[in-house]
Amino acid sequence: MILFIDTANLKEIEEAAKWGYVKGCTTNPSLIAKEGLTQKEVITKITKLIDGPISAEVTSEEYEGMIEQGKELFAIDPKHIVIKLPMTNAGLKAAQEFKRLGIPTNVTLCFNVAQAVLAMESGATYISPFLGRLDDAGLESMKLISDIMKVKKNYGYDTKIIAASIRNVEHVQTCAIGGADIATIPFAVLSKLITNPLTKDGLEKFRQDAAKTAALSK
Ligand code: E4P
């Protein structure tokens, strides 16, 4: 499963990029708003830190505005920028037009299989099913990814599924078991993926035993 970072914070992106296993970045208007810079400034800076797909979301709710804004965002860095579009009829029309133009898209705010089918039929490059927000609403999130992956396989869609709204390590594991192509993960959760108390204890034991062996050669 490919791992993206879900943030617009440049320090977090810089740190995660050093690990070598974070291959892309997703942003949204709420994440951008935390940074105190314009969307163009933030996205431009992210393109210097991540050599992979970077989702930049349109804020216009009208088809024409989405196309105009999407083209402007794409022009920042055509090698990396993916235009994030909302799950609305205007967003799906824009996904169809961007496909015709060869501009990659990520249809966001997907909460069920029916919406995923619409986005895949519209030729979205990526779709982002949200897990955490389903949990917040008291709805079942565990099966969403595996269900969408099954539909993707049934019809041979080449849309990539980005599991989003990830809140914890269990979500990441569920996505991997469910076959998600990609998971986009906030920095706090990404940082936790490597930790396990048994790994820590095991390392400590190896450290102590290695010191005993090293003492023999003194
Ligand atoms: C996805 O691309 C979104 O940016 C994100 O995953 C939303 O997550 P949230 O529900 O934690 O805001």
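The values are calculated or read from the model by the stated rules, or taken from the named source; none is laboratory data. The structure displayed is predicted, hence computed values, not measured ones. Methodologically, a virtual Cβ is constructed for each residue, glycine included, from the backbone with ideal geometry; neighbour enumeration extends over all protein chains shown. Surface accessibility is based on the protein's heavy atoms, side chains included, excluding ligands, DNA and RNA. Shrake-Rupley method; radii C 1.70, N 1.55, O 1.52, S 1.80 Å.
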Requested in this report: Over segment 1-72, with every protein chain in place, what whole percent of the accessible area is carbon and sulfur at 1.4 Å, could you tell me?
Outcome: 49
Query - Excluding exposed DSSP-loop GluC sites (Glu not before Pro) (at most 14 other C-beta within 10 Å), longest clean stretch of the chain - result: 141-218
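What does the net charge come to around residue 84 if you take all other residues with beta carbon closer than 12 Å to its beta carbon, with K and R at +1 and D and E at -1?
Numbers: positive: none; negative: 6, 57.
Neighbourhood net charge equals -2.
What net charge is computed for the residues neighbouring residue 131, neighbours being all others with C-beta under 14 Å from the C-beta of residue 131, Lys and Arg scored +1, Asp and Glu -1? Before the final figure, lay out each step's value.
On the way: positive: 133, 143, 167; negative: 6, 135, 136, 140, 147, 170.
The answer is -3.
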Query raised in the report: Helix hunt in the chain: which complete DSSP H runs extend at least 27 Å axially by C-alpha with mean Kyte-Doolittle at least -1.0?
Result: 197-216
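How much accessible area per residue does the chain have, in Å², with a 1.4 Å probe? Working shown, then result.
Details: 11570 Å² over 218 residues.
Heavy-atom SASA per residue in the chain reads 53 Å².
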Requested in this report: Using only alpha carbon pairs under 8 Å that are at least six residues apart, calculate the relative contact order of segment 24-167 and give it in whole percent.
Outcome: 16
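Quick one: net charge around residue 201, please, counting Lys, Arg +1 and Asp, Glu -1 for every other residue with C-beta under 13 Å from its C-beta. It would help to have the intermediate numbers written out before the result.
Working: positive: 200, 205, 207; negative: 204, 209.
After counting each charged neighbour, the total is +1.
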Query raised in the report: Can you list the residues, at least 5 places off or on another chain, whose amide H is less than 5 Å from the amide H of residue 24, using H built in the peptide plane?
Result: 5
Report task. Would you mind telling me which residue in 147, 181, 201 has the biggest mean-square fluctuation in a Gaussian network model of the chain, where springs connect alpha carbons within a distance under 10 angstrom? Result -> 201
Report summary line: Quick note, the chain: a/c under 1.5 would make it rounded; otherwise a/b > b/c is prolate and the rest oblate (a ≥ b ≥ c, C-alpha gyration tensor); here it is prolate
